[in-house]
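K.L.:
Encoded as structure tokens, here's the structure I'll be asking about.
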Amino acid sequence: MKIKVNGQMHDLSHPGPTLALTATLAKLGFTNPALATAVNGVFVPRDARKNVALVDGDQLEVLAPMQGG
């Protein structure tokens, strides 16, 4: 399955036609619980991520808070 994550293509090896957003985030190394996510331009709240399935060609945006001064 190929998806675009933050503007870059990723080929995620996965046997089925869909992959849960929570599993995708884990595969990509996004472990911080304070993330904002959007799939194909639609915001996905943290509680809804387990119910969202990504398919080939989807676009995922992941934003993490930054600290600094």
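K.L.:
Any idea how many residues of segment 3-31 are touching a residue at least 24 places away in the same chain (Cβ under 8 Å) and closer than 20 Å to Leu63 by Cα?
P.N.:
12
K.L.:
Just to be sure before I move on: is Ala23 at pLDDT below 95, under 30 Å from Gln67 (Cα atoms) and surrounded by 13 or more Cβ atoms within 10 Å (Cβ to Cβ) in the structure I sent?
P.N.:
Here the answer is yes, as Ala23 does meet what is asked.
K.L.:
Related question: Within segment 33-43, is even one residue at pLDDT 95 or above, surrounded by fewer than 11 Cβ atoms within 10 Å (Cβ to Cβ) and in contact with a strand residue (DSSP E or B) (Cβ under 9 Å, 6 or more places away or on another chain)? Even if it seems obvious, please write down each step before you answer.
P.N.:
Step one: of segment 33-43, the residues at pLDDT 95 or above are 36-43.
Among the residues that remain, those that are also surrounded by fewer than 11 Cβ atoms within 10 Å (Cβ to Cβ) are: 41-43.
From what's left, in contact with a strand residue (DSSP E or B) (Cβ under 9 Å, 6 or more places away or on another chain): 41, 43.
Yes: segment 33-43 contains one or more residues that are at pLDDT 95 or above, surrounded by fewer than 11 Cβ atoms within 10 Å (Cβ to Cβ) and in contact with a strand residue (DSSP E or B) (Cβ under 9 Å, 6 or more places away or on another chain).
K.L.:
Residue check: is Asp11 surrounded by 11 or more Cβ atoms within 10 Å (Cβ to Cβ) and over 12 Å from the mean Cα position of the chain (by Cα)? Explain how you work it out, then say what you get.
P.N.:
Details: surrounded by 11 or more Cβ atoms within 10 Å (Cβ to Cβ): no; over 12 Å from the mean Cα position of the chain (by Cα): yes.
When the stated conditions are applied, Asp11 does not pass them.
K.L.:
Considering only segment 44-54, state which residues are open to solvent by 60 Å² or more (accessible area, probe 1.4 Å) and either in contact with a helix residue (DSSP H, G or I) (Cβ under 7 Å, 6 or more places away or on another chain) or closer than 14 Å to Val5 by Cβ (or both).
P.N.:
Result: Lys50, single match.
K.L.:
Condition first: under 23 Å from Met9 (Cβ atoms), assigned to a loop (DSSP other than H, G, I, E, B) and in contact (Cβ under 8 Å) with a residue 24 or more places away in the chain. Now tell me which residues in segment 33-69 satisfy that.
P.N.:
The answer is Leu35, Val52, Asp56, Gly57, Asp58, Ala64.
The values are calculated or read from the model by the stated rules, or taken from the named source; none is laboratory data. All values reported here derive from a predicted model rather than from experimental measurement. Note that we place each Cβ from the backbone using ideal geometry, even for glycine, and neighbour counts take in every protein chain shown. Surface accessibility is based on the protein's heavy atoms, side chains included, excluding ligands, DNA and RNA. Shrake-Rupley method; radii C 1.70, N 1.55, O 1.52, S 1.80 Å.
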